[in-house]
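A short worksheet on the structure shown next.
Quick note: the coordinates plus some simple rules give every number you see, no bench work behind them. Because the structure is a prediction, the values reported are computed rather than measured. Because the Cβ atoms are built from the backbone with ideal geometry, glycine has one as well, and the counts that use them run over all protein chains shown.
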Amino acid sequence: MVGDETPRSVQDTLTNLRIKDGVAGPPAGPLTLEDLYKQHRMRLIRLALLLVDEPATAEDVVQEAFTGLHRNWKGLRDAQAAVGYLRTAVVNGSRSVLRRRKTARDYTPPHVANARSAESLAMLTAEHQAVVKALQQLPPRQREVLVLRYYGDLSEAEIAEATGISKGTVKSTASRALDALQKLMAGR
């Protein structure tokens with residue numbers, strides 16, 4: 001069935017992007033902020049880029065997340081808490097960016113959306129480009145859930161924690177998002 005192939009294609013594409021962004025193993029000795037920065041910065045930027053679709057803004061969101069982590073470094077329990085803090089900060093920062101964009105559009109005439117850079121497009125196959133383009137058409141919550149699930153490889157509980165929604169809402173949102181992507185991909 002064609003209908004069953006499209007969501008799998010979305011899942012495969014986001015999973016392949018995650019695999020390409022593989023994270024190095026834990027460092028020897030105590031974890032430092034520098035270690036976290038080296039290990040997770042690019043992956044977090046890609047996560048933010050999938051949510052806000054603008055490289056410079058994605059970098060700013062991640063930089064703000066690391067700045068916040070630096071301010072709260074002494075209060076952290078362990079390395080996993082730091083990674084979770086960063087992930088949540090990136091999701092929340094991306095939401096803030098999207099809210100500001102919406103507010104700005106409400107007060108000024110709509111403008112043409114920024115196109116993806118030639119470099120980022122060259123790195124993606126045509127199918128990947130279609131999936132990323134379809135992702136951009138989803139409502140923000142649906143996009144967040146799919147990106148965190150298939151690109152971030154997070155469990156439903158981790159997504160619920162990062163986004164501040166219930167686990168049941170994560171499941172239903174993911175299901176609706178995959179259905180919507182299936183329809184978008186079928187219509188291309």
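Using per-residue counts of other Cβ atoms within 10 Å, averaged over each peptide, order 86-95, 43-52, 62-71, 148-157 from highest down.
By packing density, highest mean first, the sequence is 43-52, 86-95, 148-157, 62-71.
Just grab the label-to-label distance for Asp12 and Glu161, each label 7 Å out from Cα along the Cβ direction, in nm (one decimal).
3.2 nm
Rounded to the nearest 0.05, what FRET efficiency do Thr32 and Asp106 give with R0 = 35 Å and r taken as the Cβ-Cβ distance? Could you check?
Details: r = 43 Å, r/R0 = 1.22.
FRET efficiency, Thr32 to Asp106: 0.25.
Could you name the lysines in cross-link range of Lys38, using Cα to Cα under 17 Å and dropping any fewer than eight places away on the same chain?
By straight Cα distance, Lys38 reaches Lys20.
Measure up Lys102/Lys133; Lys133/Lys171; Lys74/Lys167 against 25 Å on the Cα-Cα distance and list the ones that go over.
Flagged as over cut-off: Lys74/Lys167.
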